[in-house]
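The values are calculated or read from the model by the stated rules, or taken from the named source; none is laboratory data. Model, not experiment: these values are computed from the prediction. Surface accessibility is based on the protein's heavy atoms, side chains included, excluding ligands, DNA and RNA. Shrake-Rupley method; radii C 1.70, N 1.55, O 1.52, S 1.80 Å.
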Amino acid sequence: FSPSKINLFLRILRKRPDNYHDLSSLFQAISLGDTLTIEKVASPSDKFTCNMPGVPVDSSNLVLKAVNLLRSHTGTNDVKFDIDLYKRCPAQAGLGGGSANAATALYACNKLLGSPCTSEELIEMSAELGSDITFFLSKGTAYCTGRGEIMNEVAPLKDSNDVKCTIVKINLGLSTPTVFKALDYDRLSATDPEEILKQFSEKGTKVSPEYFVNDLQSPAFECLPKLKELKEMCDECDFDTVMMSGSGTSIFCLGESGNSETWRRVNGRDDVQVFETKFINRNSEAEWYDEP
């Protein structure tokens, strides 16, 4: 099982000389996810298939990049895999679906090779592939800094077992670079990310609303006004919290809707997908995420 994630807060701190951005974010794994089926095969090359049209199945896919990186680190270039990816998590959603696929492939193929790499080595390796991949090698709740690849484990939130999380995804995508280009540095939140983390650690999702911060939400709304309209419609549904995840275009809603009529209208839109999910965590490094 390959989960996805939401960002309970996302602070953009500064642009770096390498054109990436330093950020601070609390990531939480959720039960919306994909299924990877992997087996070793006696074949001259890997086989990779995917059910979702538009997902590349050549070496540009992060899954195959992860497998190739693992083989190069472990000297097992002669071992090939048959990999089938069944996608449920939408693309360009701010949910890290592709990054989770890569992390899941790293973990699974390492197991199939007899676990030549430790968890720490996999985490180090994952940073070479992309910013969000490292998070999925945590136990499901983590405070990430740098460009997202510096991962600090955090205990599951106090109310994580009780939180209902609904993902509302408009059928339009936004690329992360497009959102960052629209970022107005003068409008970034001034709230200290360490203080936000402290509040979440002490109170779970029952923190004061000002601690649900996403510095990419405003620029995403400027790029895609329809996304802003959807968020405002979800606000009218009277959930406990409504916020965009990552760089969009998913909105996450925590708790139950207090306005069933408006929520029915959201659910009935033909340009929107709705997913009922929950927070998930791994019990230990020796176990992967359970399929819900």
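Computed on protein heavy atoms with a 1.4 Å probe, the accessible areas place Arg14, Arg71 in the order Arg14, Arg71, largest first. Once the chain from Lys40 to Lys198 is taken as fully extended at 0.36 nm per residue, the excess over their C-alpha distance is 52.5 nm.
What a 1.4 Å probe finds exposed on the chain is 47% carbon and sulfur by accessible area, rounded to a whole percent. Cross-link reach is defined here as a Cα-Cα straight distance under 22 Å, omitting same-chain residues fewer than 8 places apart; for Lys15 the lysines meeting it are Lys181. Partner lysines whose Cα lies under 17 Å from the Cα of Lys47, excluding those fewer than 8 positions away in the same chain, are identified as Lys65, Lys80, Lys87. Accessible surface area normalised per residue over the chain is 45 Å², counting heavy atoms of protein chains with a 1.4 Å rolling probe.
The distance linking the range 1-65 with the range 137-197 is 15 Å (Cα centroid to Cα centroid, whole angstrom). Scalar couplings 3J(HN,Hα) for the range 154-164, obtained by applying the Karplus form with A = 6.51, B = -1.76, C = 1.60 to θ = phi - 60°, are 10, 4, x, 4, 3, 9, 4, 6, 9, 7, 8 Hz; x denotes Gly and Pro.
Between Val63, Val179, Val79, the GNM of the chain built on Cα springs shorter than 10 angstrom shows Val79 fluctuating the most.
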